[in-house]
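Worksheet: the structure to be examined is printed underneath.
The values are calculated or read from the model by the stated rules, or taken from the named source; none is laboratory data. What you see is a predicted model; the values in this text were computed from it and never measured. Neighbour counts are summed over all protein chains in view; Cβ atoms, including those assigned to glycine, are modelled from backbone coordinates with ideal geometry.
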Amino acid sequence: MSDTVAAQEPAEKQSVPAYSWYALGVLVLVYVLNFIDRNIISILAEDIKADLGLRDDQIGFLYGTAFGVFYALFGIPLGKLADSWHRVRLMSAGLAIWSAFTALSGFARNFAMLSVARGGAGVGPPTASPSAYSLISDWFPKNMRATALAIYSSGLYIGGGVSLLIGGAIVERWNAAYPTNAPLGLAGWQAAFIIVGLPGILLAALVFTLREPLRGESEGIVTPAPAEPFRGFFKELVAVIPPFTLIGAAQSGFRGIAVNLAGALVIGGLAYAMVRLTGNAQQWTAVGIGYYAIFSWASTLQRRDASTFRLIWQTPAFLTTILGYGMVAFMSYAASFWAAPYAIRVLGAAPSTAGWWIGGPGAMAGFLGVILGGRAADWLRARNPAGRLLVVAVGLAGSAPFLFLMFTTRDTTTFYIAAFLQSLFGSSALGAAAATTQDLVLPRMRGTATATFFLATTLVGLALGPYMAGQVSTITGSLSSGGLSLLVAVPVGLILLVAAYRTVPEAERSLLRRAQEAGESNLSID
């Protein structure tokens, strides 16, 4: 069998049914609500900090690490479930779960309670993107995939922007209406969490009505559904959730246990060193658990699914792509989160004003960036197998000067314009990176590949970027210094993306051969 799948050529010329566009619209709504629930803490940060007596590094932890580590821990088993079970039902359940925890955040009375609620809110979202990426890859042919994924991904920026608009308005009006004796004793930031969390439960009912497409149909690589869809999920759950990870390691015998314990020792030692260096035990304990869990999962995946392990963890093109984009996420998550606190604290803007001028333009910039980036990525790929990665590199390097301007200016107009342009460039990279990862695996692996892709955006971008800016701000007493520290991601990311650019074409060309060499036997090429 040749490495080029000739059967895919007719699929790329297929028209897209109207239902695919409708279903994509529903998925965009899910992603919008995902990031409203996730990002609203940005506009509420100053009120939460004052009410609960928190530091900037703790605020960064609540936004990034508390959410991101739980997202990473459950992302792998739920990504596997998206590869084997009914994706629509999975997404509906996840949406209801994270919406409920967002609402529960409104009843938190201290840092510990809010940390638990934020962690719970990280359990549901891993059902969304693995399911959505897999569904979109079946609803849209390959030549439209980056565009469709970019449209879906626009929900990230729309939701992030709308969260600031809604959150700023709610907290100001609530506090003005109830300076004392508020209903249930809730502060404005608590009311905001409850108000944005509850609608997700209703949206989950609409998602449940979507039709499930045939897996792999768009490429002529039809993949039958597993007879026991939850078996793989529970295997992944045991492989990734400590201390049950030792059970998975034990299945590889003494060597498996020894490797697992050695990994735990190394990661635990690094985490302890970071605790001693920063004095922040919760941050590095959580990050250490997250990285150990991923190490355990990857180790057991090699034994249980050699072809998936090879196409993901043993493919430099895949790893450099997700880590290169992880640097984009490192900057983008942190810049978008700390923009509102900077405007309120340093520039003296009111929450509603900051929410309006950051949230509205930011949503537009993110939407335009991700759509234009997706279209450019598809155009470049038609002319260059690695062309999509050029868009990722431009998104990373192009956003850097505007991030610098954001955190050095003292003029509000300049700040809002710089924030708009930073979001425009940063958002342009997502569709291109996501589509590249989907092209490097088989259809049955897309959910797992997506979950792995989002490990880079969570354990590299979300868990480290917002926290690092907050930690530097806490140490220096300057939020400007915290924001500027994010620029370290640019040279690191560009090095990774150059490596990806050089290796992606051959990795895609040899996809089927490498999968078969690793033992893949369930390939059905129509």
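Details
- Candidates in segment 100-111 are the residues that are part of a helix (DSSP H, G or I) and not aromatic (Phe, Trp, Tyr); of these, the one that is nearest to the chain's Cα centre (by Cα) is Thr102.
- Within segment 481-526, being more than 25 Å from the chain's Cα centre (by Cα) and small (Gly, Ala, Ser) holds for Ser481, Ser510, Ala515, Ala518, Gly519, Ser521, Ser524.
- Residue list for segment 37-47, restricted to those being buried (at least 24 other Cβ atoms within 10 Å of the Cβ) and in a helix (DSSP H, G or I): Asp37, Arg38, Asn39, Ile41, Ser42, Ile43, Leu44, Ala45
Yes/no per residue for (1) closer than 26 Å to Leu54 by Cα; (2) touching a helix residue (DSSP H, G or I) at 6+ places or on another chain (Cβ under 9 Å); (3) surrounded by 15 or more Cβ atoms within 10 Å (Cβ to Cβ); (4) hydrophobic (A, V, I, L, M, F, W, C):
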| residue | (1), (2), (3), (4) |
| --- | --- |
| Ala258 | no, yes, no, yes |
| Leu261 | no, yes, no, yes |
| Leu265 | no, no, no, yes |
| Val275 | yes, yes, yes, yes |
| Thr278 | yes, yes, yes, no |
| Ala281 | yes, yes, no, yes |
| Trp284 | yes, yes, yes, yes |
| Val287 | yes, yes, yes, yes |
| Ile294 | no, yes, yes, yes |
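Per-residue answers, yes or no, for (1) at pLDDT 90 or above; (2) in a helix (DSSP H, G or I); (3) in contact with a Cys (Cβ under 8 Å, 6 or more places away or on another chain):
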| residue | (1), (2), (3) |
| --- | --- |
| Leu54 | yes, no, no |
| Leu62 | yes, yes, no |
| Phe74 | no, yes, no |
| Val88 | yes, yes, no |
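- Ala50 fulfils the conditions (1) in a loop (DSSP other than H, G, I, E, B); (2) farther than 22 Å from Ala451 by Cβ; (3) not hydroxyl-bearing (Ser, Thr, Tyr) except for a single criterion, (1).
- Per-region count, segment 127-153, residues surrounded by 24 or more Cβ atoms within 10 Å (Cβ to Cβ) and of a type outside the set (A, V, I, L, M, F, W, C): 10
- The combined condition, being touching a residue at least 12 places away in the same chain (Cβ under 8 Å), surrounded by fewer than 24 Cβ atoms within 10 Å (Cβ to Cβ) and under 25 Å from Ser481 (Cβ atoms), is fulfilled by Phe111.
- Qualifying residue in segment 112-127 (condition: under 14 Å from the mean Cα position of the chain (by Cα), among the hydroxyl-bearing types (Ser, Thr, Tyr) and assigned to a helix (DSSP H, G or I)): yes
- Verdict on Ala132 being in a helix (DSSP H, G or I), out of contact with any Phe, Trp or Tyr (no Cβ under 9 Å at 6 or more places or on another chain) and in contact (Cβ under 8 Å) with a residue 24 or more places away in the chain: no
- Residue, modelled with the highest pLDDT, within segment 236-256, restricted to residues that are crowded, with 16+ Cβ neighbours inside 10 Å and closer than 17 Å to Ala72 by Cβ: Thr245
- When the criteria are applied in full, Ser481 meets the requirement of being within 24 Å of Gly324 (Cα to Cα) and either among the hydroxyl-bearing types (Ser, Thr, Tyr) or in a loop (DSSP other than H, G, I, E, B) (or both).
Residue by residue, here is whether (1) hydroxyl-bearing (Ser, Thr, Tyr); (2) surrounded by fewer than 24 Cβ atoms within 10 Å (Cβ to Cβ); (3) on the phi > 0 side of the Ramachandran plot holds:
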| position | (1), (2), (3) |
| --- | --- |
| Leu81 | no, no, no |
| Trp85 | no, yes, no |
| Arg89 | no, yes, no |
| Trp98 | no, no, no |
| Ser105 | yes, no, no |
| Gly159 | no, no, no |
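- From the options Leu323, Leu347, residue that is of a type outside the set (Asp, Glu), at pLDDT 90 or above and touching a Lys or Arg at 6+ places or on another chain (Cβ under 8 Å): Leu347
- Taken over segment 238-276, the residue count meeting the criterion of being hydroxyl-bearing (Ser, Thr, Tyr) and within 27 Å of the chain's Cα centre (by Cα) is 2.
- Just so you know, in segment 176-188 the residues that are touching a residue at least 40 places away in the same chain (Cβ under 8 Å) and over 23 Å from Ala96 (Cβ atoms) include one that is nearest to the chain's Cα centre (by Cα), and it is Gly188.
- Which listed residue, of Val488, Val504, Val441, Val472, is in a helix (DSSP H, G or I), in contact (Cβ under 8 Å) with a residue 24 or more places away in the chain and not small (Gly, Ala, Ser): Val504
- Ser92 within 23 Å of Asp305 (Cβ to Cβ), small (Gly, Ala, Ser) and part of a helix (DSSP H, G or I): no
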